[in-house]
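Below is one structure; the comments refer to it alone.
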Amino acid sequence: MARDTVDSTPVETVADLAATLESGNKPEEKFRIGTEHEKFGFCLKELSPIPYEGEKGVEAILTGMEKLTRWERIEDAGKIIGLADDHGGGAISIEPGGQFELSGAPLDNLHQTCREANQHLADVRKVAEPLGIGFLGIGMTPTWSRADMPRMPKSRYDIMTNYMPKVGSLGLDMMYRTSTIQVNLDFSSEADMVRKMRVGLALQPVATAIFANSPFTEGKPNGFKSFRAQIWTDTDGDRTGDMPFAFEEGFGFERYVEWAIDVPMYFVKRGATYYDVTGTTFRQFMNGALEGRVPDATPSIGDWNNHLSTLFPDVRLKKYLEMRGADGGPWRRICALPALWVGLLYDQGVLDQAWELVKDWTQEERAALRAGVPELALQTPFRGGTVLDVAREVLKLSQEGLKRRNRLSEGDLDERVHLAPIEEGLASGMCPADVLLQRYHGSWKGDISQVFRDYAY
């Protein structure tokens, strides 16, 4: 997230908060696609993480990107921490360990998404290569320890860094050593949101398996296909998970709010200052718990939006839905992840078929998938078969959804072309981590440093 919000409009009730989510409703013809992807910067010579400061650091890259793109500079305590395209809607931000993120603009189709990603990567290379810096697309740092990781000068990250060890053993790894690709998608009504939320939650482990790409930790195999997904199981139980209540009768905007306001907050921002309010829930904030602790202790829409950005369920609800289950990966998968979900969720008939596929899955089955996929990915057992079998069904549905959308490129190809990496993987029965491990035991001869050559952008 590039910029925390500062809207001071007061909010007093659950209905007020639910209304902010409901305001995301839009007609189908205005549905857009927002793709986010993170990557690790590394020194081309030493294969080490890049610091924030210095001639060959994150600060220098952001400054170079500012000159190249002419996007607006975002600062925290005088330090550049991101850039915003206030005309197109995109933004560049940095994650706690220096992961470089593009939060893409809301775009009409996946061909535009791919052009945006390719332009961004070309711009990054133009700035970074003269500095001796490269970027790696993978779900978790393959060789660096937690102690190796730099810390970015963002006030919210300082608060999170202090809080994470209190609520889980792997939260700092999540912050500093993982990266993701995710897509943000629209809904037309509360009922449409509910249907998409339920399909998204049920199939999120399947997406995790398809994109599993984090099998190494500190220079050796870690026993998982997606250790990034495993990290999320021990980060912070208050704000993560598959939200079983979303499948209960009556789920909607207000039920999500009732869950969210009972999650402890990280911070309240007043002006340029971040106040540490960890341990206080948003409900307590609404009931006056921060009187005397922060200036203007009346909750606002800005406070609510910032709080929503600190919740990390498998599918996150704001004024749109965020699909959060995929590991970071090579450039082709930056386009494949949004293609998968757009195909599933943006055609009503295919969305209904996807719901038919998952609607009789029990909470126990959904939980077992979520628990098994980090280790076994596509080979995870499910209902007499494996996740690979489910993934192939899901791919067919997504292909049909993209075919029906019929959004054509300049070369008259529809959006199904962006599913090619998934088609190849599922045809072979291998996720990206399987390929990495095959190379590690084969042509790399146990030298994980080769990943920086083969998987750099």
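I'd like the FRET efficiency for N162 and E53, computed as 1/(1 + (r/R0)^6) with the beta carbon distance as r and R0 of 22 Å, rounded to 0.05. Calculated value: 0.50. Within the chain, the cysteines lacking any other cysteine Cβ closer than 4.7 Å to their own Cβ are C43, C431.
Quick one: of the DSSP bridges fully inside the chain, what percent are antiparallel, nearest 5? In the chain, approximately 95 percent of DSSP beta bridges are antiparallel ones. What fraction of the DSSP beta bridges in the range 161-282 is antiparallel, stated in percent and rounded to the nearest 5? Approximately 90 percent, going by the DSSP bridge assignments.
Taking a Cβ cut-off of under 15 Å around L290, the surrounding Lys, Arg, Asp and Glu residues balance to a net charge of -1, with basic ones at +1 and acidic ones at -1. When both bridge partners sit in the range 78-234, DSSP labels roughly 90% of those beta bridges antiparallel. Looking at the range 1-81, the GluC sites (Glu not before Pro) that sit in a DSSP loop and have at most 14 other Cβ atoms within 10 Å of their own Cβ are E12, E46, E53, E55.
Between the range 46-62 and the range 270-290, what's the alpha-carbon centroid distance in Å? If you average the Cα positions of each part, the centres end up 34 Å apart. Over all other residues within a Cβ to Cβ distance under 9 Å of W71, the charged ones net out to -2, with Lys and Arg as +1 and Asp and Glu as -1. Secondary-structure-derived ellipticity at 222 nm for the chain, considering helices only, amounts to -12500 deg cm²/dmol, per-run term -39500 (n - 2.57) for DSSP H runs with n ≥ 4. Counting only protein heavy atoms and a 1.4 Å probe, the range 194-240 has 24 square angstrom of accessible area per residue. Near P150, once Lys and Arg are set to +1 and Asp and Glu to -1 for all other residues with Cβ below 14 Å from its Cβ, the sum equals 0.
I'd like to know which of L395, G442, Q353 lies farthest towards the positive end of the charge dipole of the range 332-450, counting +1 on Cβ of Lys and Arg and -1 on Cβ of Asp and Glu. The residue sitting farthest along the positive end of the dipole is G442. Projecting the Cα atoms of L340, Y266, F253 onto the dipole axis of the chain, where Lys and Arg carry +1 and Asp and Glu carry -1 at the beta carbon, places L340 farthest toward the positive end.
The values are calculated or read from the model by the stated rules, or taken from the named source; none is laboratory data. Because the structure is predicted, anything quoted here is derived from the model rather than measured. Heads up, the Cβs are rebuilt from the backbone with ideal geometry, glycines too, and the neighbour counts pull from every protein chain shown. Surface areas here come from the heavy atoms of the whole protein model, side chains and all, with no ligands, DNA or RNA. Shrake-Rupley method; radii C 1.70, N 1.55, O 1.52, S 1.80 Å.
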